[in-house]
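Right, one structure below, let's go through it.
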Amino acid sequence: MPKAPLLSVCIPAYNRPAWLRRGLESIAVGDGTDIEVVITDDSDTNQSQAIAAEVLKNWSLSWRYEHHQQPLGMAQNWNRAIQWATGQYVMVLHDDDFFLPQGLGRLVNKLQGLGNQYPVLLFGVLVVDAQERVMKRQGFRQDKLLPPHDALIRLFSDSSFVRFPAMVIRRDLFTEVGYFNPDWREPCDLEMWMRLLARYGVYCCREATVAYRVHGQALTMGSFHRETVNILLKLFGELEQLNILTAKDIEFCKGSFFHQYILAGAWRQLRRRRWREFQQVMGLFDLPELKSLSCPVKWYFLRGLFSLP
């Protein structure tokens, strides 16, 4: 039996063939070894298979593709890719994201250097727009292990602390904590990170490995509404039940998380000059469940600016 690879790069695809090509090219030209690529495709057609075959035709490592005639849905497509993977570690590279130059090599070298010490790792990213212009550099100045308490504080006080393709997880953990739960809808990734970080903490790595693309087609663009707020509040209830954070911790996290979440959503609409949608997102602050939340100092100016008539 062939030796399992160190890393599985899981790509759940959905109707973005041009950006899928970009992501695959960033793998094919990379210097990473001891990896495999797994593509699970919820797209309307199997065009992505031809793209993968073309881009990876001279690639010496393993890759696999499957197309779902009946789409599995967002979370189940992620789960299928992870279940089909054979690597010791897995990461999910969405079909609109891509590796930075030498990013895949840096990631594999880091895993090899650390051995099997840390089951959950978080790398740095560049946040880019649809044209790949850098909007933000997000990462860590030095490697640092965050134990569960500290990791949960970061996760629930900063709504963008975890960028999905920056997470690298030991594959056997999914048999212990379960897979992504589609019942949690858009925040199902946050619910998964909560389960993982509550049990294992997270090892933060200073290396930046991937580009995380923010654009109008992203599934998260439609998540800034009351239904998602209600799901997030329910998730905070689950966080409280873990008995890891104090009541004071949770109130601090709520204020920070919802201010960043709402203001980020409003900014996305404002950049696209969608004035009505901008006002609708800002109106979430008036929900009875959020109205009493204190505004953190770091968001005070921006909230005041966005609230001007």
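Selection among PRO296, ALA75, PRO5 by position relative to the dipole of the chain gives PRO296 as farthest towards the positive end (Cβ unit charges, Cα centre). Taking label points 7 Å from Cα along the Cα-to-Cβ direction, GLU132 and VAL29 give a separation of 0.7 nm. Taking 0.36 nm per residue of sequence separation and removing the Cα-Cα distance, the SER62/ALA264 pair yields an extension gain of 68.9 nm.
So for the chain, averaging the separation of alpha carbon pairs under 8 Å that are six or more residues apart and normalising by length, what relative contact order in percent results?
Working: 518 pairs, mean separation 56.5, N = 309.
Reported as a whole number, the value is 18 percent.
Restricting to the range 105-259, what percent of DSSP beta bridges are antiparallel, rounded to 5?
Details: 10 of 17 bridges.
Once the DSSP bridges in the range 105-259 are tallied, antiparallel ones form about 60 percent.
Rounded to 0.05, the FRET efficiency of the ASP150 and ASN181 pair, given R0 = 22 Å and the Cβ-Cβ distance, is 0.35. Among the listed pairs LYS110/LYS254; LYS136/LYS298; LYS110/LYS144; LYS254/LYS291, give every one whose C-alpha distance is greater than 23 Å. Where the Cα-Cα span goes over 23 Å, the pairs concerned are LYS110/LYS254.
By DSSP, what percent of the beta bridges with both residues in the chain are antiparallel, rounded to the nearest 5?
Details: 14 of 38 bridges.
Here the share of antiparallel DSSP bridges comes out near 35 percent.
Reducing the range 93-171 and the range 20-53 to their Cα centroids gives an inter-centroid distance of 20 Å. A DSSP coil position with no more than 12 other Cβ atoms inside 10 Å describes the following trypsin sites (Lys or Arg not before Pro) in the range 1-77: LYS3, LYS57.
Based on the alpha-carbon gyration tensor of the range 147-199 and its eigenvalue square roots a ≥ b ≥ c, which shape applies: rounded if a/c is under 1.5, prolate if not and a/b is larger than b/c, or oblate?
Verdict is oblate for the range 147-199.
Hey, of [x] 37, 24, 17; [y] 37, 30, 17; [z] 32, 23, 18, which did the structure itself give for semi-axes √(5λ) of the Cα gyration tensor in Å when calculated? After the calculation, the listed value that fits is [z].
Pull out a ≥ b ≥ c, the square roots of the eigenvalues of the alpha-carbon gyration tensor of the range 154-260, then state rounded if a/c is under 1.5, prolate if not and a/b is larger than b/c, and oblate in the remaining case.
Working: a/c = 1.34, a/b = 1.05, b/c = 1.28.
The shape class here is rounded.
Among the trypsin sites (Lys or Arg not before Pro) found in the range 220-276, those both in a DSSP coil and sparsely packed, with 15 or fewer other Cβ atoms within 10 Å of their Cβ, are ARG272, ARG273, ARG274.
Over the range 153-255, Cα pairs under 8 Å with separation of 6+ residues give a relative contact order of 38 percent.
Read the figures in this text as sums done on the coordinates, not as results from a lab. What you see is a predicted model; the values in this text were computed from it and never measured. Note that we place each Cβ from the backbone using ideal geometry, even for glycine, and neighbour counts take in every protein chain shown.
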